[in-house]
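Novice: Okay, handing you the structure first.
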Amino acid sequence: MSVTEKQEPVDVRRRRLKFRSWHRGTREMDLLMGSFADAHLERFDHAGLDVYEAMLEISDPDLYNWFSGREPVPSAEDTAVMRLFLAHRFA
């Protein structure tokens with residue numbers, strides 16, 4: 001995380017992460033990550049936002065395969081935020 005991001009107000013950071021969530025590149029992941037961000041980011045503290053931001057760096061195919069159950073989540077990525085994401089269902 002850069003010095004700028006560390007000094008970034010939490011509300012600005014949440015807006016930036018929501019934008020990134022809705023603009024991933026594939027429509028399926030836009031819907032999954034965007035609706036997840038809308039539903040959960042407001043409750044995440046700085047540590048939760050750090051974990052979520054790291055999730056945004058994971059490729060769409062990997063996230064989609066984990067979400068759909070096609071592949072197991074690697075132990076290094078098995079976090080509370082990831083488990084919350086896997087349980088998320090968008091309306």
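Since every read-out is calculated from the coordinates, none of them should be taken as a lab result. What you see is a predicted model, and the numbers here were worked out from it, not measured in a lab. Quick reminder, even Gly has a Cβ in these numbers, built from the backbone with ideal geometry, and neighbours come from all protein chains shown.
Novice: Pick from the stretch 20-35 the residues that are assigned to a helix (DSSP H, G or I) and of a type outside the set (A, V, I, L, M): which of them is surrounded by the most Cβ atoms within 10 Å (Cβ to Cβ)?
Specialist: Narrowing the stretch 20-35 to residues assigned to a helix (DSSP H, G or I): 20-22, 27-35.
Filter again for of a type outside the set (A, V, I, L, M), leaving 20-22, 27-28, 30, 34-35.
Working: R20: 16, S21: 22, W22: 15, R27: 8, E28: 13, D30: 15, G34: 18, S35: 16.
Result: S21.
Novice: Right, something else. Against the condition under 14 Å from L84 (Cα atoms), part of a helix (DSSP H, G or I) and of a type outside the set (F, W, Y), how does D38 come out, does it pass?
Specialist: Details: under 14 Å from L84 (Cα atoms): yes; part of a helix (DSSP H, G or I): yes; of a type outside the set (F, W, Y): yes.
In short, yes.
Novice: I'm checking my understanding of the structure. Among residues of the stretch 66-91 that are farther than 18 Å from D38 by Cα and among the aliphatic types (A, V, I, L, M), which one is surrounded by the fewest Cβ atoms within 10 Å (Cβ to Cβ)? Break it down into steps so the answer makes sense when it comes.
Specialist: Taking the stretch 66-91 as the starting set, the residues that turn out to be farther than 18 Å from D38 by Cα are 66, 68-79.
Retained after the next criterion (residues that are among the aliphatic types (A, V, I, L, M)): 73, 76.
Numbers: V73: 18, A76: 6.
Among those residues, the one meeting the criterion is A76.
Novice: Let me ask you something else. Could you list all residues from the stretch 66-81 that are part of a helix (DSSP H, G or I) and either in contact with a Cys (Cβ under 7 Å, 6 or more places away or on another chain) or more than 14 Å from S21 (Cβ to Cβ) (or both)? I'd like the intermediate steps shown before the answer.
Specialist: In the first step, residues of the stretch 66-81 are kept if they are part of a helix (DSSP H, G or I); the result is 66-68, 75-77, 80-81.
The answer is W66, S68, S75, A76, E77, A80.
Novice: Any residue in the stretch 6-19 that is out of contact with any Pro (no Cβ under 8 Å at 6 or more places or on another chain) and in a loop (DSSP other than H, G, I, E, B)?
Specialist: Checked the stretch 6-19: at least one residue is out of contact with any Pro (no Cβ under 8 Å at 6 or more places or on another chain) and in a loop (DSSP other than H, G, I, E, B).
Novice: Restricting attention to the stretch 52-65, which residues are surrounded by fewer than 15 Cβ atoms within 10 Å (Cβ to Cβ) and in a helix (DSSP H, G or I)?
Specialist: Residues satisfying the conditions are A54, P61, D62, N65.
Novice: From the list E71, E42, which one is under 19 Å from R89 (Cα atoms) and in contact (Cβ under 8 Å) with a residue 24 or more places away in the chain?
Specialist: Working: E71 fails: in contact (Cβ under 8 Å) with a residue 24 or more places away in the chain.
Within the list E71, E42, the selection yields E42.
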